[in-house]
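Have a look at the structure below, then the notes.
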Amino acid sequence: MTQEKRKKVHMISLGCPKNRVDSEVMVGLIQDDGEFDMVGDADQADIVVVNTCGFIDDAKEESINTILEMVERKNVGLLDKVVVSGCLSQRYSGDLEVEIPEVDAILGTKTFTAINEALKGELAEKTYVQPGSFIMDHEVARTNTIRGGTAYLKIAEGCSRSCSYCIIPKIRGTQESRTIDDVVLEAKRLGQSGVKEIILVAQDMTSYGIDLDPKKNRDYLVRLLRRLDEEATEVDWIRMLYMYPWNFTDEVLEILQEENRILPYVDMPLQHINQRILKSMRRNIQRDRQAELIARLRAVDDLVLRTTFIVGYPGETDAEFQELYDWMEEVRFDRVGIFTYSPEEGTPAAEMDGQLPEEVKIARRDALMELQQQISLEKNEEWVGYNTEVIVDGVSEQHEAVLEGRHYGQAPDIDGVVYLSFDYGGDLPTPGDIVEVEIQQATAYDLAGVVIPKERDEGPIRIEEGGVSLAKQ
């Protein structure tokens, strides 16, 4: 009697890095179970898991189209099962079960750890989204899926803010932070596995730990960063994403300016600058205080500042949009993402008067992107002729014969890259290596440079006046 063939599973992870960590937990659990084999392509799979995003319309559309594509593969006999998890399934589980009955199991944002039961058909019901309360910890099985030497580390789940346009608290729940000890243990484990860059993620990074302290102290993030810098010594770079303007303390600024492994990179979603819109958005910060915070950040040596803005928010006037445009022109952010407002059902903003036509939103987005493209080009050109450290990610997704990596001011997927060339006969660097690179070319989004052999490495160069200082790595 021959042994039954092991089923092959492919994971499709959509949406943000926080969702990707959930996908990595599912992959780890599947591999630990031992009854399935993970494969890197749906064409090789018997079962596909789609971990969905349900944040805005575009993300929902991508998730639904991906589910339908996998269901069609099942209908023609190319797949045995389709399992859906994540934010879309948490938000619309009933609709998914009715509208796409071919889906075999539906898991939510707190119940995705039942993935093996879903794959085996052992769930009592097809839809399993409400029970349970999963919070990441260092002992949970997880398989890092980012190429090179980088890994995300989720330090909190959910969000306790009430921004008028955002559905995340209703999908993910209120903020639940991991303990400092637990995060440090996972960081050390990642470092021991070969990870050189850790990217801390949370829905509201600067509110980390407040829910753990009855006195609502705001020093948890600082304490965490200092512990990571002192103890996770095998990790060379520590980066933070989603640092909201509230709770951004002087102590955090100090850490960013110190000589340590915390990268001087701030990703801070600001969303707007007009006072009326900030108030309507429930952003919990005044226009002047937000502008003051940016000025303080600009005083930090070598700091790279990324933000996001929403255009076309209900009632946004031409003058209010122009105020945002002028402020962007004045501040000259290093990186900017522009989103058109998406009216999400269940949010206060979706019920507001003054919903703007889509063509107005798109025109405003395009105007800001054109402005930022020129700013970005000018800022990238300031790097040309100077040296900086670059972490090697691997073969370029755009140019198969070229390696690419990122300097400290470039986060994966959301920022540009550095294309690497070589003018020596030494060994090529491998993914995860951190190498010294002389930047030689710049575009609006990417850089290109030559890797400097170790024997020629004289360290980073500091520009004392004007331009960009690259000394802190």
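The values are calculated or read from the model by the stated rules, or taken from the named source; none is laboratory data. Please read these numbers as outputs of a predicted model, since none were measured by experiment. Positions of Cβ are generated from backbone atoms using ideal geometry, with glycine treated the same way; all protein chains shown enter the neighbour counts. Keep in mind that these areas ignore ligands, DNA and RNA; they rest on the heavy atoms of the full protein, side chains included. Shrake-Rupley method; radii C 1.70, N 1.55, O 1.52, S 1.80 Å.
Quick notes on this structure:
- The simple Förster model, with R0 at 30 Å and r as the Cβ-Cβ distance, assigns SER396 and LYS7 a FRET efficiency of 0.35.
- The chain: calculated mean residue ellipticity at 222 nm from DSSP helix runs of at least 4, using -39500 (n - 2.57): -9500 deg cm²/dmol
- Per-atom-type breakdown for the stretch 49-203 gives carbon and sulfur 49% of the accessible area (1.4 Å probe, protein chains only).
- PHE55 contributes an accessible area of around 80 Å² to the protein surface, as traced by a 1.4 Å probe with all chains present.
- Estimated FRET transfer efficiency when R0 is 41 angstrom, pair VAL450-VAL98 (beta carbons, to 0.05): 0.10
- The chain - Cys residues lacking any other Cys C-beta under 4.7 Å: CYS16, CYS53, CYS87, CYS159
- Furthest towards positive pole of dipole, ILE210, LEU403, GLY77, structure part the chain, Cβ charges: ILE210
- Per residue, the solvent-accessible area of the chain (1.4 Å probe, heavy atoms of protein chains only, all protein chains present) comes to 44 Å².
- Shape call, the stretch 19-60: gyration tensor on alpha carbons, a/c limit 1.5: oblate
- Rounded to the nearest 20 debye, the dipole size of the chain about its Cα centre is 1260 debye, using +1 on the Cβ of Lys and Arg and -1 on the Cβ of Asp and Glu.
- Full-extension gain in nm, ASP57 to GLN322, via 0.36 nm per residue minus C-alpha separation: 92.9 nm
- Sparse-neighbourhood loop sites, GluC sites (Glu not before Pro) in the stretch 237-328 - DSSP loop, at most 11 other Cβ within 10 angstrom: GLU259
- Extension gain for the segment ASP211 to LYS279, taken as residue separation times 0.36 nm less the Cα-Cα distance, is 22.1 nm to one decimal.
- Area accessible to solvent at ARG147, 1.4 Å probe radius, in Å²: 80
- Rounded FRET efficiency, nearest 0.05, which uses the C-beta distance separating VAL140 from ASP250 and R0 of 35 Å: 0.50
- Share antiparallel - DSSP beta bridges, the stretch 77-202, percent rounded to 5: 20
- Pairs of Cα atoms nearer than 8 Å and 6+ residues apart set the relative contact order; for the chain it is 10 percent.
- Listed cross-link partners LYS126/LYS279; LYS60/LYS110; LYS60/LYS196; LYS5/LYS74 are compared with a 30 Å cut-off, the Cα-Cα value being larger for LYS126/LYS279; LYS60/LYS196.
- Over the stretch 77-133: Kirkwood hydrodynamic radius from C-alpha pairwise inverse distances, Å: 11.2
- Long-range amide H partners of ASP433 with built H, under 5 Å: VAL392
- The stretch 135-212: chymotrypsin sites (Phe, Trp or Tyr not before Pro) falling in loop per DSSP and having at most 14 other Cβ within 10 Å: none
- Here the simple spin-label model places points 7 Å from the Cα toward Cβ, and for LYS120 and GLU72 these points are separated by 3.4 nm.
- Taken about its Cα centre, the stretch 140-228 carries a charge dipole of roughly 140 debye when the Cβ of each Lys and Arg holds +1 and the Cβ of each Asp and Glu holds -1.
- Partner lysines for LYS379 [C-alpha distance under 19 Å; skip if fewer than 8 residues away on the same chain]: LYS472
- Taking the inverse of the mean 1/r over every pair of distinct Cα atoms in the chain gives a Kirkwood hydrodynamic radius of 23.8 Å.
- The alpha-carbon atoms of the stretch 293-403, seen along their principal axes, cover 52, 36, 24 angstrom, with the largest extent given first.
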